[in-house]
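The values are calculated or read from the model by the stated rules, or taken from the named source; none is laboratory data. Keep in mind that this is a model prediction, so the values were computed, not measured. A quick note on method: Cβ atoms are made from the backbone with ideal geometry, for glycine too, and the neighbour counts reach across all protein chains shown. These area figures cover heavy atoms from the full protein model, side chains too; ligands, DNA and RNA do not enter into them. Shrake-Rupley method; radii C 1.70, N 1.55, O 1.52, S 1.80 Å.
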Amino acid sequence: QLVYPHDFRLTEKEKTSICYLSFPDSYSGGLGDTQFSFRLRQAGGSRNSPFQDDGRYNREAPLTLQREAAHYFGYVYFRQVKDSSMRRGYFQKSLVLVSRLPYVNLFQCLLQLIAPEYFDKLEPCLEAVCNEIDQWPPPVPGQTLNLPVMGVVIQVRIPSRVDKPGSSPVKQCNQENLLPAPLVLPSVHELDLFRCFQPVLIHIQMLWELMLLGEPMVVMAPSPTMSSEMVLALTSCLAPLRYCCDFRPYFTIHDSEFKEYTTRTQAPPNIVVGVTNPFFIKTLQHWPHILRVGELRMSGDLPKQVKVKKLAKLKTLDTKPGIYTSYKTFLHKDKTLIKRLLKGIQRKRPSEVQSALLRRHLLELTQSFIIPLEHYMASLMPLQRAITPWKNPPQIRPFCQEDFMKSLEHAGPQLTCVLKGDWLGLYRRFFKSPNFDGWFRQRHREMTQKLEALHLEAICEADIVAWMKDKSEVEIVDLVLKLREKLVRARCQHLPVKEETLQRVSLYIDTIIGSLPEDLQTVLHH
């Protein structure tokens, strides 16, 4: 019905997809308001974002919170109430916030404030809200922001890449001068993991492995809220490692990728997809891992845990909850975690405390797995003394899987993790996954930039006048051009180099040009 701001360009295909993704696609008898989220592939390649950003945000934000280049997130607030004046007897409407940022908590909180007003007052309400949002500061990683909207100030800290993983959010201190007192969000994006994972707590280990290996997985849930929360919880459980595969927190049969995902002529793609329509049980039967969750049921104090079942049992539309897979985990189950969580339930520990326990366990597991890789990768970096000013910097040595495997004997995950099992087998499978590829490319890029930075510093330390003594004009001009190119690259790629280093290189270039004959000076100055 309405896109606001009016000048925001969406293609017809995107509009249609957003419409279908903004409503529950299976019968939901529930009246009232529900919230859920989706993720949508952008139609027709990447377009310029309306926000001026030189890439600084993505350089400083944690990898898991970077701005998406080719996808949008949709955050939905759906209202369904009886209304006899409507043709179907119901008022059904959704307000959707579209963003490239995965700030699920912030945007769902914002919708809780805006949507009820919007359903009441319509467009003028959106106009007023957008005018306020226009005044918000940009999200700068590491900063605490105060965001005024509709008489409330939302206060939130934007996480930064230099935050220590697993540290609790920094206590916010600039509250005393704010009246009314701000609505403080503990995190822009972290879900209540304990609540999301309630029916699968005893299978956390298996789900973590499936995510790590980028395995194709379907989450079938009774509502878009449950499907989207479960998918987002699953993809977040590798942090600080980035989940590099595709994921759809909520997916409908009208989606343009429906055919691509349901075809049986090729293997299912590396993606986690959340669905609610029972029709998918038939069309996605050939997928290797299907997690079916029902409405949350308690058995005594405990949430009822789903069982692992054979895929062959997945036949009928009224399939029981369970994890349908033939996957055998590489690592043994962590009994102590489950005991601690159960003790917490019996002692009625708050959900956020249980979530912190879970998150810390997953973080330690991921770190135990990734630290040996980080150590091995660091050993491929050339020695600093091999970097000389007048030669191109040396290459990073190639990653050899067998060498890495040998290094595990004395520096493997067993140093930091008590879990036993086939760690080697898990690494071998991981090497074939998009998550390894994404991790390796990111590390390799960072190391290449570090080498470039060290090379620039070596040039700064060198005695350029001595070098020039026995060189021909051609060699000197060649050096000027190369140094200029290095400077441009350092600035464009925002290499980790001190500004004074760049200025010294710039000064060097001027010194060298000054020593050349005038006709060459003129050419080089142009």
List every residue pair whose Cβ atoms lie under 8 Å apart, where the two residues are 6 or more positions apart in sequence or sit on different chains, the first residue falls within region 71-98 and is more than 16 Å from Gln1 (Cβ to Cβ) and open to solvent by less than 40 Å² (accessible area, probe 1.4 Å), and the second residue, located anywhere, is part of a loop (DSSP other than H, G, I, E, B) and among the charged types (D, E, K, R). His71/Arg100; Tyr72/Arg100; Phe73/Arg100; Gly89/Asp83
Filter pass, Leu337 being modelled with pLDDT of 85 or more and over 30 Å from His455 (Cα atoms): yes
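Rundown of residues vs (1) part of a loop (DSSP other than H, G, I, E, B); (2) at pLDDT below 90, yes/no style:
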position: Asn48; (1), (2): yes, yes
position: Phe73; (1), (2): no, no
position: Arg88; (1), (2): yes, yes
position: Gln92; (1), (2): no, yes
position: Leu101; (1), (2): yes, no
position: Gln108; (1), (2): no, no
Of the conditions (1) surrounded by fewer than 16 Cβ atoms within 10 Å (Cβ to Cβ); (2) in contact (Cβ under 8 Å) with a residue 12 or more places away in the chain; (3) under 16 Å from Asn392 (Cβ atoms), Glu473 satisfies every one except a single condition; which number is it? (3)
Could you tell me which of the residues Glu260, Glu229 is acidic (Asp, Glu), open to solvent by 10 Å² or more (accessible area, probe 1.4 Å) and more than 18 Å from the chain's Cα centre (by Cα)? Glu260
Single unsatisfied condition, Phe247 versus (1) within 27 Å of Tyr427 (Cα to Cα); (2) open to solvent by less than 40 Å² (accessible area, probe 1.4 Å); (3) assigned to a helix (DSSP H, G or I): (3)
For the structure I just gave you, tell me whether Thr319 is modelled with pLDDT under 90 and among the polar types (S, T, N, Q). yes
Within region 482-498, can you find the residues that are assigned to a loop (DSSP other than H, G, I, E, B) and surrounded by fewer than 18 Cβ atoms within 10 Å (Cβ to Cβ)? Gln493, His494, Pro496, Lys498
Output yes when any residue across region 504-515 is out of contact with any helix residue (DSSP H, G or I) (no Cβ under 8 Å at 6 or more places or on another chain), of a type in the set (Lys, Arg) and open to solvent by 80 Å² or more (accessible area, probe 1.4 Å), and no when none is. no
Picking from His254, His286, the residue that is surrounded by fewer than 19 Cβ atoms within 10 Å (Cβ to Cβ) and touching a helix residue (DSSP H, G or I) at 6+ places or on another chain (Cβ under 6 Å) would be His254
Looking at region 298-312, which of its residues are open to solvent by 60 Å² or more (accessible area, probe 1.4 Å), closer than 30 Å to Gly344 by Cβ and either touching a residue at least 24 places away in the same chain (Cβ under 8 Å) or of a type in the set (Gly, Ala, Ser) (or both)? Ser299, Gly300, Asp301, Lys304, Val308
Which pairs have Cβ atoms under 8 Å, sit 6 or more apart or on different chains, and link a residue in region 265-280 that is open to solvent by 10 Å² or more (accessible area, probe 1.4 Å) to one that is part of a strand (DSSP E or B) and polar (S, T, N, Q)? none
Which pairs turn up if I take residues in region 338-358 that are of a type in the set (Lys, Arg) and look for partners that are surrounded by 12 or more Cβ atoms within 10 Å (Cβ to Cβ) with beta carbon separation below 7 Å, at least 6 apart in sequence or on another chain? Arg340/Leu357
Those helices (runs of 4 or more DSSP H) completely within region 370-481 that have 3 or more residues that are under 30 Å from the mean Cα position of the chain (by Cα) are 401-411, 423-430, 434-461
Going through region 136-150 one residue at a time, which ones are surrounded by fewer than 19 Cβ atoms within 10 Å (Cβ to Cβ), part of a loop (DSSP other than H, G, I, E, B) and in contact with a helix residue (DSSP H, G or I) (Cβ under 8 Å, 6 or more places away or on another chain)? Pro138, Val140, Gly142, Met150
Conditions (1) of a type outside the set (A, V, I, L, M); (2) closer than 15 Å to Ser368 by Cα; (3) surrounded by 12 or more Cβ atoms within 10 Å (Cβ to Cβ): number failed by Glu409: (3)
Check off (1) surrounded by 12 or more Cβ atoms within 10 Å (Cβ to Cβ); (2) of a type in the set (D, E, K, R); (3) more than 30 Å from Gln442 (Cα to Cα) for Arg347 and give me the number that stays unchecked. (1)
Among the residues in region 239-259, are any of a type in the set (A, V, I, L, M, F, W, C), modelled with pLDDT of 95 or more and farther than 30 Å from Glu446 by Cβ? no
Does Leu212 meet the test of being open to solvent by less than 10 Å² (accessible area, probe 1.4 Å) and touching a Leu at 6+ places or on another chain (Cβ under 7 Å)? yes
Here is a check on your reading of the model: is Ile281 under 20 Å from Thr235 (Cα atoms) and either part of a helix (DSSP H, G or I) or touching a Phe, Trp or Tyr at 6+ places or on another chain (Cβ under 7 Å) (or both)? no
A careful count of residues in region 404-431 that are within 26 Å of Glu215 (Cα to Cα) and of a type in the set (Asp, Glu) gives 1
